[in-house]
1. Write out, first by first residue and then by second, each pair whose Cβ atoms fall under 8 Å of each other, whose residues are 6+ apart or on separate chains, and whose first residue, in region 444-457, is more than 28 Å from residue 399 (Cβ to Cβ) while the second is of a type outside the set (S, T, N, Q).
2. Among the numbered criteria (1) part of a loop (DSSP other than H, G, I, E, B); (2) over 15 Å from residue 389 (Cα atoms); (3) open to solvent by 50 Å² or more (accessible area, probe 1.4 Å), which one does residue 473 miss?
3. Would you point out which residue out of 421, 452 is open to solvent by 10 Å² or more (accessible area, probe 1.4 Å) and modelled with pLDDT under 95?
4. Take the conditions open to solvent by 10 Å² or more (accessible area, probe 1.4 Å), assigned to a helix (DSSP H, G or I), assigned by the TED database to the domain that holds residue 339 and over 21 Å from residue 374 (Cα atoms) and apply them to residue 519. Does it pass?
5. Given the options 369, 336, name the one that is under 30 Å from the mean Cα position of the chain (by Cα) and surrounded by 18 or more Cβ atoms within 10 Å (Cβ to Cβ).
6. Quick check: is even one residue across region 356-371 under 24 Å from residue 470 (Cβ atoms), in a strand (DSSP E or B) and hydroxyl-bearing (Ser, Thr, Tyr)?
7. Can you tell me which residues in region 298-337 are among the basic types (Lys, Arg), over 27 Å from residue 457 (Cα atoms) and in a strand (DSSP E or B)?
Amino acid sequence: RATATMGEAPEPSPQAPLAVLSKVELRVSCRHLLDRDTLNKSDPCVLLLMQSQGQWMEVDRSEVIKSNLNPVFAKIFTVDYYFEEVQKLRFEVYDSHGHAGVGTHDDDFLGGMECTVGQIVAQKRVTKPLFLKYGKFAGKSTITVISEEISGNNGYVELAFRAKKLDDKDLFSKSDPFLEIYRIDDDRSEQLVYRTEVSSRAGRAPRPPRCQPGPAEPLTPQVVKNNLSPIWEPFKVSLNSLCSCEEKRKLRCVVWDYDSRGKHDFIGEFFTTFEEMQKAMGENKVQWDCMNPKYKIKKRNYKNSGVVVLLDLKIHRVYSFLDYIMGGCQIHFTVAIDFTASNGDPRNSCSLHYINPYQPNEYLKALVAVGEICQDYDSDKKFSALGFGARIPPKYEVSHDFAINFNPDNDECEGIQGVVESYQSCLPKIQLYGPTNVAPIISKVARVAADEERTKEASQYFILLILTDGVVTDMADTREAIVRASYLPMSIIIVGVGNADFTDMQLLDGDDGILRSPRGEPVLRDIVQFVPFREFKNASPTALAKCVLAEVPKQVVEYYSYKAFPPRCPQPDTPDSNLSSPQ
């Protein structure tokens, strides 16, 4: 369940759904590490392990930092966070000897620390002593882990830097420059955001951002050295990492001349903000003087130690479910109730529609459990309530999409209680009949959703709850209707009431494969969730709601992402409200 990246934010796969889980970025630094080397200082590297079924499994590892007892690692570990689980982590620090893989017997163990993801998330910053084997302190060595939640709404930024005419720090060759970007936090501490590759290229346009490296790939030179006008590889970082989603937050950028022994020479620095960086979007470029404060004081005619240029900046916003909800997107809830004869005579206590004054039937339990969640996202608290499979007045013809309040011009009821009252009052007025056709109701809601889609705004999303006591009769038409609906802003929840065999209904839920229309056309999105109510008969109503609504946030985000509809308006009370949208 854990993934990691080398100092950059994960880019969503076009096949995979956008992340709805909470993801946490972990940054690691150490202080006062043991010096295991005779001639030089230790070359530390951190391994991250997670406990799975009682066994420690390696998740990922950091780069090796040469000759440094107080390393700040550029590697960002990304782990999925599950509130309901205890996720045990172990950080192990090794002195790497280079000729063998980190973590082998050839490396010196500098210490380890165990904690849980929950502890790191709750405290945001955890500093603990490192321990050697058998619980012995590793001297004064400590490890600090800083966590930041990757909000679905922060997205990531793609940056391409170069430099010109940097100071030459090498006696017999030119400098081997690399760039570090630090975020300055509210407590004035600096957090390393990204470290470019050590070496550089000259005189060519930047290549596309490199693919995410494998877990053991070190941050080592990839291209030509000896260059005072380098072009660094483009890279990606999350907006949360770069500036905590606050575009005016100050950033410190430092250029170093790389030294293989870890004694890097300071070339210069400059300060900027993400707000200023955004001027590089499109054809524009932004540049800064790379300044050495000591030279500025000592040298009368000192101008700079070179110039750093931001060649290009691209913002990729990744919106979350809450972005859309807080942007004004309403969740419109529709319930469709099965009134076929197989439910039994409502006057009989054995009927699934029997109204017991002391105990709600399964239809009402399912309706209330799901409806009470959805009503919080609908400002007018009016819900469409439909019925199917019954003969209805005045002509008592079979209908598969009638309003249970018998108002053909307005099928909405006032609140969930209004739906319950309409359901109870309609039962004596109708004749339960059949067959169990649900395609007409799916198509009816889809027509309303299609009208909403044409507004090209993320203003309303539709949830259709179908309560039925048996397998649908019009399976082919239902599959066709679901495929059409998968292109629209709607989700379908089907709850099987009673003890019927619902095996065939699992076909409509795409969990075991891709649902296709009779003509073979696949759904664009998996929008159907089916559960038998009997599995929750002895559970709390919240358990049913949690199960059937768990996929809805993901489905909402998938739809609006596919349509490229952003939230309708920014959220003024959130930290990232001032970030620009992608062009």
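The values are calculated or read from the model by the stated rules, or taken from the named source; none is laboratory data. Everything numeric here is computed off the predicted structure, so don't read it as measured data. Using ideal geometry, Cβ is built from the backbone for each residue, glycine included, and neighbour counts are taken over all protein chains shown. To get the accessible areas, we keep the full protein, side chains included, count just its heavy atoms, and leave off ligands, DNA and RNA. Shrake-Rupley method; radii C 1.70, N 1.55, O 1.52, S 1.80 Å.
1. 456/563; 456/565; 457/565; 457/568
2. Checking residue 473 against (1) part of a loop (DSSP other than H, G, I, E, B); (2) over 15 Å from residue 389 (Cα atoms); (3) open to solvent by 50 Å² or more (accessible area, probe 1.4 Å), the one that fails is (2).
3. 452
4. Answer is no for this residue.
5. The match here is 369.
6. No: zero hits.
7. none
So that you can scan it fast, the table gives a plain yes or no per residue for (1) of a type in the set (A, V, I, L, M); (2) open to solvent by 10 Å² or more (accessible area, probe 1.4 Å); (3) outside the structural domain of residue 435 (by the TED database); (4) closer than 20 Å to residue 336 by Cα:
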site: 483; (1), (2), (3), (4): yes, no, no, yes
site: 489; (1), (2), (3), (4): no, no, no, yes
site: 492; (1), (2), (3), (4): yes, no, no, yes
site: 495; (1), (2), (3), (4): yes, no, no, yes
site: 508; (1), (2), (3), (4): yes, no, no, yes
site: 534; (1), (2), (3), (4): no, yes, no, yes
site: 540; (1), (2), (3), (4): no, yes, no, no
site: 544; (1), (2), (3), (4): yes, no, no, yes
site: 549; (1), (2), (3), (4): yes, yes, no, yes
